[in-house]
Amino acid sequence: MSSPNRSWSIAIPFICLFVSGAASLVYELVWIKQLVLVFGGTLYAISAVLCAFMTGLALGAWACTHYLKRLKISGARPLVKLYGLIEGGIGIYGLLFPVCLELLTRLYPLALSESHQPGPFLHVMEFFFSALLMLPATCLMGATLPVIGSWAIGGQARKVFSRISILYGLNTLGAVVGCLYTQFFALRFFGIQATTWSAVSMNFAVFLICWFAREPSTLEDSEKRAPFAQEVDMDEDRGDEPVPSKVLSVLLLSIFTYSGVVSLSSEILWTRVLVFPMGSTLYSFALILATFLLSIAIGSLFAEKLLGNSRWIFKFLLIELAVGVIGIAILPLFDRLPDWTLAADRIFYDIGNSPNKTLLVRSLFAFGIMFVPTLGFGLIFPLANRIHLSLFGTVSRTLGNIYALSTLGAVAGTVLTPFVLVPLLGIRLSLFVLYSLLALVSIISLVVFMKWKPTRLTLASAGAIALLVCGYAWSTPKVDIQKPGERNLSRIEIDTPRERIRLLDYKEGDFSTLSVVEDIESGARTLYMNGFSTATVSNTVSGSAYMRAMGFVPMVLHPDPKKALVIGFGTGNTLGTVSLFPEVEADGVEIDRNVLSMARWFSSWNHDVLSRPNVRVSIQDGRTFLRWNPAAYDVITLEPMAPVQAGVVNLYSREFYELGKSRLKEGGLIMQWLPLHLVGRDDAKSIIKTFQAVFPHVSIWNSFLTRIVLLVGSRHPVVADKTRFDILMQNGDLRKSAEQMAVYSFLDLLDFFMTTGDQLESYLDHAEMITDDRPILEHSPVTLLPPLQWETDESFINLLRHRVDHFPDMAGLDSAERALLNRHLNIRTAQRLAVFSRRYHGPGEEAFAVKNYPAGLEAMRIDLENLGDRPISLKDARWRD
């Protein structure tokens, strides 16, 4: 029977590597979030950060082998302490990272051009800066596997396959836990800084375990540990397996490295596909990453049980071939994706849905696409180490070099996939090419390994060609843009028949998949980004009114805007409206350059904005543009993606609003859209509270749509000036744009007004603040369960209620005109409240039903006085006090 000390000794390396994997993933996710705030969320910036992180891992694994080669030690104890020191070093650097990040923030402007526009040089510098910042920690992370592998294996070849299988599997399984812990729990409840400290505590826990672990530290009592750098005995447990020749070894290493390319490329491409049924939320991306890592972990953990302990080369090549064939075989599944997306939407919006059900459905999508081929990537890692033990000679060199090559392959995949493969080939054809090449080189290597004669070689070549031809015919990887949802990823809404939709444009770009569809009956056109509707326009009054209002309202409220910034191009409607104002210079910022190519389909609504001489559009992350561009603006208006989508929260945090405030000229104002139907009730409160915490004066407006409100913030009170409005309406283009929003008079403009921020203090009292450290919007409940209509209406009615007897600041009116406008505004307030009173059986319902608006408003006024500071509740779709 094993003693407790011996059992504990055996468990130490496995426990430590599991915890180390979890901590490393926490650092990776948190550091990417922090660096995105410096470099921006563009594809180039994110890719630079990822490449820098993985390059450090590869460099650390490779450098560790050379360091340990010169280290003359024997026994396990020094290795235990060395591993503990490495983990402690990672933890110390984790504590120092914020200081280093602040230094980087000061250095980064030196790489910016005078125009502050991104370019190739800037992206290279982003990689350099990221590598410089993360290298100390990532090199240490890369060194952990060679050290702990040598500790666990010693110099015995018979243990390489089994021990590496378990060690790599547990390390990757720890990464799965780190991913889920970070994205589902830690960032939501602890924040970025405290999450980093939790990773630091993991490192220090491993350090303490390793540093104070008692002897015996060997894994078997009878085992005499060989000197660390001693060549392993390849005759031990080799069996009938031949030692591969140098030519075959190089070929096998090349295949293994290329499989690293395929692995990371597949993850990127599968993610581009899976966002359609799963959505672009933080939880979706976390599930995709966790599933990918879990599949690799399972493959590695069960490698020995599934493959046995012989004929490693043959099995390695067979698995690589199988992965290639399976990767091609699953491509036809993408033809079903539009139908699956519709099914997922129906489940998501079903009244009986739950958050756990949403997570289960999304997990099934990720497992269904990724599990089988990714399992193969997990199987080949321990095989590759066992095969090349004879080439590298020692456990440390084998582990270090194999891990480095795999990681470098992943770096290449990160670069090639978005910047070369997808733009040239599209998503499906990229996957076909990647897996076809993997299958082809595996077949060639099998021929070399088996030393087949010319006859068999001819047959193998013919078989390989037939396999690829059949695979192409089976998978039909070319994109077809004739019909929406047929061999393309164009989105189809659950309430719109497919035959009623016409696909106008489609592009699988480097950053996202874009499509423009038209409703044949109504003529409405919608721009989709990764399956999410970014904007819909039509010729009806409400069709694109809110987008025009986001440009019109702040530009009219400012007394004389000369320079304006619109963050988020979309269909171009907001920027187009801004550009109509006299003598204004309008800057636009869009993160995806391919969005601009879709603007032509919306030219009737956006005033052909890209050809207007007073408009300049930059391709950049909106926050990064604002941070590093020193220009000051009279008006800044924001139309980003939905606030709860991954990464968009950076445009809703207190730090961002402070940045925007610093870029306003004296008298300037900023406008933020708030789509109530895309956020939860608590989310809406948090957005308003965060906005109000930065701007001394806040007013809230909307554009007839109860789903969308506009927040206007400034240093000084905002006044609606009738004289200025009348002058502007003499401009034919502006008047036409206003009339398309049903704004025919100054009263119509004032009807957009809802309330001011100082009326909402009690309503926002318990709302959480959104900060860079605590990006709570990404963890909104609506990412798993959409808000019901009554919940959206409740948020809206609790803003609108304050308009009763409360009017916006006005100028250019005499007392009689002001009194008349106030009376009309009260009637219009009553008309708006009537909608909700009748829908939810609220106060004044009977009077509103017969259009007796004064009586209905009086009943509402009395009810609100009795309610006091308490919010209106529409729980269970019933009006309650």
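The values are calculated or read from the model by the stated rules, or taken from the named source; none is laboratory data. What you see is a predicted model; the values in this text were computed from it and never measured. No Cβ is skipped: glycine too gets one built from the backbone with ideal geometry, and neighbour counts run over all protein chains shown. Each accessible area value is taken on the protein alone, full model and side chains, heavy atoms only, with ligands, DNA and RNA left out. Shrake-Rupley method; radii C 1.70, N 1.55, O 1.52, S 1.80 Å.
Would you mind telling me the share, in percent, of accessible area of the chain contributed by carbon and sulfur at probe 1.4 angstrom?
Working: 20480 of 33850 Å².
So the carbon and sulfur contribution to the accessible surface is 61 percent.
Taking a probe of 1.4 angstrom, what is the accessible area of I92 in Å², to the nearest 10?
90
Please return the longest range in the chain lying between exposed loop sites, taking trypsin sites (Lys or Arg not before Pro), DSSP loop only, at most 12 other beta-carbon atoms within 10 Å, and leaving the sites out.
479-850
With unit charges on the beta carbons (Lys and Arg positive, Asp and Glu negative) and the dipole taken about the Cα centre of the chain, which residue among M54, M810, G169 sits farthest to the positive side?
Checking the options against the dipole of the chain, the answer is G169.
Need one value: the accessible area of T458 in square angstrom, 1.4 angstrom probe, rounded to the nearest 10.
90
Under a point-charge model restricted to the Cβ atoms of Lys and Arg (+1) and Asp and Glu (-1), what is the dipole moment magnitude of segment 696-767 relative to its Cα centre, in debye to the nearest 20?
220
With +1 assigned to the C-beta of every Lys and Arg and -1 to the C-beta of every Asp and Glu, and no other charges, what is the dipole magnitude of segment 451-536 about the Cα centre in debye, to the nearest 20?
820
Show me, for segment 815-823, the HN-Hα J-couplings you get by feeding each phi into the Karplus relation (A = 6.51, B = -1.76, C = 1.60, θ = phi - 60°), rounded to Hz, glycine and proline as x.
Rounded to whole hertz, the list is 5, 5, 5, 5, 5, 5, 4, 5, 5.
Below 15 Å, Cα to Cα, which aspartates and glutamates can K33 reach? Residues fewer than 8 away in the same chain don't count.
Answer for K33, where 15 Å is the Cα cut-off: E102, E126, D621, E655, D772, D773, E778, listed by chain and number.
Return the long-range amide H neighbours of T513 (sequence gap of 5 or more, or a different chain), with a cut-off of under 5 Å between placed amide H atoms.
The answer is N530.
With the dipole of segment 688-753 worked out from charges on the C-beta (+1 for Lys and Arg, -1 for Asp and Glu) around the Cα centre, which of A720, A693, Q740 lies farthest toward the positive end?
A693
Order C100, C470, most accessible first, counting only protein heavy atoms with a 1.4 angstrom probe.
Putting C100, C470 in descending order of accessible area: C470, C100.
Quick one: dipole size for the chain, taken about the Cα centre, charges +1 on Lys/Arg Cβ and -1 on Asp/Glu Cβ, in debye to the nearest 20.
The calculation lands at about 2280 debye.
For segment 751-854, what does the accessible surface come to per residue with a 1.4 Å probe? Please give it in Å².
That works out to 42 Å² per residue.
Pull up the cross-link candidates among the aspartates and glutamates for K722, meaning alpha carbon to alpha carbon under 16 Å and not fewer than 8 places away within one chain.
D560, D748, D751, D809, D814, E817
Please list, or write none, the aspartates and glutamates whose alpha carbon is within less than 15 Å of the alpha carbon of K81, excluding same-chain residues fewer than 8 places away.
E215
Does segment 398-545 come out rounded, prolate or oblate by the C-alpha gyration tensor, with a ≥ b ≥ c the root eigenvalues, rounded set by a/c under 1.5 and, if not, prolate when a/b is larger than b/c and oblate if not?
Here segment 398-545 falls in the oblate category.
Top to bottom by accessible area (1.4 Å), largest first, where do E518, E486, E666 land?
E666, E486, E518
Among W452, I326, M769, pick out the residue whose Cα is farthest towards the positive end of the charge dipole of the chain, where Lys and Arg carry +1 and Asp and Glu carry -1 on C-beta, about the Cα centre.
Farthest towards the positive end: W452.
State which entries of K357/K689; K159/K315; K315/K453; K483/K736; K563/K685; K685/K875 exceed 23 angstrom in Cα-Cα distance in the structure shown.
From the list (K357/K689; K159/K315; K315/K453; K483/K736; K563/K685; K685/K875), the Cα-Cα distance tops 23 Å for K357/K689; K483/K736; K563/K685.
What share of the DSSP beta bridges in the chain is antiparallel, in percent to the nearest 5?
Working: 35 of 56 bridges.
Given both bridge residues lie in the chain, the antiparallel proportion sits at roughly 60 percent.
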